[in-house]
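Enquirer: Dropping the structure in here first, questions after.
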Amino acid sequence: MSDFLKSELEKAEQCLLETYELAESYGDNEEKDKSKYLQLMEQICQIRDDAIRNEDALKVAMEERTIADFESAFEGTINRAGKKFQAKKTREYKAFSDRLEDISRSARGDTLPSTTKKDGALIEMDMQVNINDPITKKRMVDPVKNTICGHIYERSSIQDAIQIKPTLRCPVAGCGNKQYINMAHLRPDNALKLHLQRIAEGENDNDSDTNA
Ligand SMILES: [Zn+2]
């Protein structure tokens, strides 16, 4: 498949996820309907498969010496391979569906403990994995989320790290995302940012209590 088509399809997929994320935050129930996004993803998988199949059929047909043989080899290969394809069984479709689940779960607040809790220590325990930057290990202030794998980093530290090494991959240990990190893949995590602000405010309150 051409790199161009490949990257266009990835963009389309990303765009769907972002739209869904917005819908989860601001949309009505109809816009939050996951099945629409899944249907579109199915089409993306179909386009991707068509492109790969066309390419394979072309390779086979190129072996032929006459136009008629070329045509029948091409059609034959396309049809034989096409019947088996089930978009929903592809790895891409499953990953997409998982990402939708993650987004809807975090929109419902399942991954963040209640921010009304005043006990900073308790919140920190719950959030330990999430509130520290994986690079500096310091608590984040301006978190950005990698939309490919869902991991979160402090904006300034990931920016610095990319500058030093443009071919940087997700620094979270064990992350399966093999793509180079690109600032275009990073989006502010506003829910977490707010949460971090609440934690910081809670700590300031405690400080003034002890100083008083
Ligand atoms: Zn990652």
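The values are calculated or read from the model by the stated rules, or taken from the named source; none is laboratory data. All values derive from a computational prediction rather than experimental measurement. Every residue, glycine as well, gets a Cβ built from its backbone with ideal geometry; the counts of neighbours run over all protein chains shown. These area figures cover heavy atoms from the full protein model, side chains too; ligands, DNA and RNA do not enter into them. Shrake-Rupley method; radii C 1.70, N 1.55, O 1.52, S 1.80 Å.
Enquirer: Would you check if residue 57 is farther than 30 Å from residue 199 by Cβ and in contact with a Gly (Cβ under 9 Å, 6 or more places away or on another chain)?
Expert: Numbers: farther than 30 Å from residue 199 by Cβ: yes; in contact with a Gly (Cβ under 9 Å, 6 or more places away or on another chain): yes.
So residue 57 passes the test.
Enquirer: Follow-up. Let me confirm something: among 8, 24, 92, which residue is under 22 Å from residue 184 (Cα atoms) and crowded, with 17+ Cβ neighbours inside 10 Å? Before the answer, list the steps.
Expert: On the way: 8 fails: crowded, with 17+ Cβ neighbours inside 10 Å; 92 fails: crowded, with 17+ Cβ neighbours inside 10 Å.
Every option except 24 fails the conditions.
Enquirer: Same structure again: Looking at the range 152-161, which of its residues are within 14 Å of the ligand (Cβ to nearest atom) and part of a helix (DSSP H, G or I)?
Expert: Hits for the range 152-161 are 158, 161.
Enquirer: What do you reckon, is residue 47 assigned by TED's automatic domain parsing to the domain that holds residue 7, open to solvent by 30 Å² or more (accessible area, probe 1.4 Å) and within 16 Å of residue 92 (Cβ to Cβ)?
Expert: Values: assigned by TED's automatic domain parsing to the domain that holds residue 7: yes; open to solvent by 30 Å² or more (accessible area, probe 1.4 Å): yes; within 16 Å of residue 92 (Cβ to Cβ): yes.
Yes, satisfied.
Enquirer: Another question, then. Please state which of the following conditions residue 149 fails to meet, knowing it meets all the rest: (1) within 26 Å of residue 12 (Cα to Cα); (2) more than 15 Å from the ligand (Cβ to nearest atom).
Expert: (2)
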